[in-house]
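What follows is a single structure, and I will ask about it in a moment.
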Amino acid sequence: MQLREEFEPKSKPRARTPRGSRVRRIRVGDKVLVAFGPSKVKAIVIEDRGNLGAGGRQIVAVKMPPASQWEEPRIYEIPAEEVKLTK
């Protein structure tokens, strides 16, 4: 009996957030600000790649507007914690 208990997987306690705080996931269609060089650029989330990052971080694909009329829009995949929601 004692050996069986040693080899049973032990579940990890879930991380808790303080009461009243809500962690909002970034969603497709959200307007965000992205640090791009020394400035922040407005972008739109076009794809939620899921929790693919290190430690289960959420990765999102964002589309930034072109810098000029001759450029294509820029698309980047970045961790969701590096973007800030805007209205």
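The values are calculated or read from the model by the stated rules, or taken from the named source; none is laboratory data. Worth saying up front: this structure is predicted, and the values here are computed from it rather than measured. Quick reminder, even Gly has a Cβ in these numbers, built from the backbone with ideal geometry, and neighbours come from all protein chains shown.
Of all the residues that make up the range 65-87, how many are among the acidic types (Asp, Glu) and in contact with a Lys or Arg (Cβ under 8 Å, 6 or more places away or on another chain)?
2
When the range 52-67 is examined, which residues are found to be closer than 15 Å to Glu82 by Cβ and free of Cβ contacts under 8 Å to residues at least 24 places away in the same chain?
Leu52, Ala54, Gly55, Ile59, Ala61
Same structure, new question: Can you confirm whether the range 2-21 contains a residue that is modelled with pLDDT of 80 or more and in a helix (DSSP H, G or I)?
No - not one qualifying residue is present in the range 2-21.
Name the strands (runs of 3 or more DSSP E) wholly inside the range 35-87 in which the number of residues that are at negative phi and among the hydroxyl-bearing types (Ser, Thr, Tyr) is 1 or more.
39-50, 74-79
Which residues, counting only those in the range 30-45, are over 16 Å from the mean Cα position of the chain (by Cα) and β-branched (Val, Ile, Thr)?
Across the range 30-45, the qualifying residue is only Val41.
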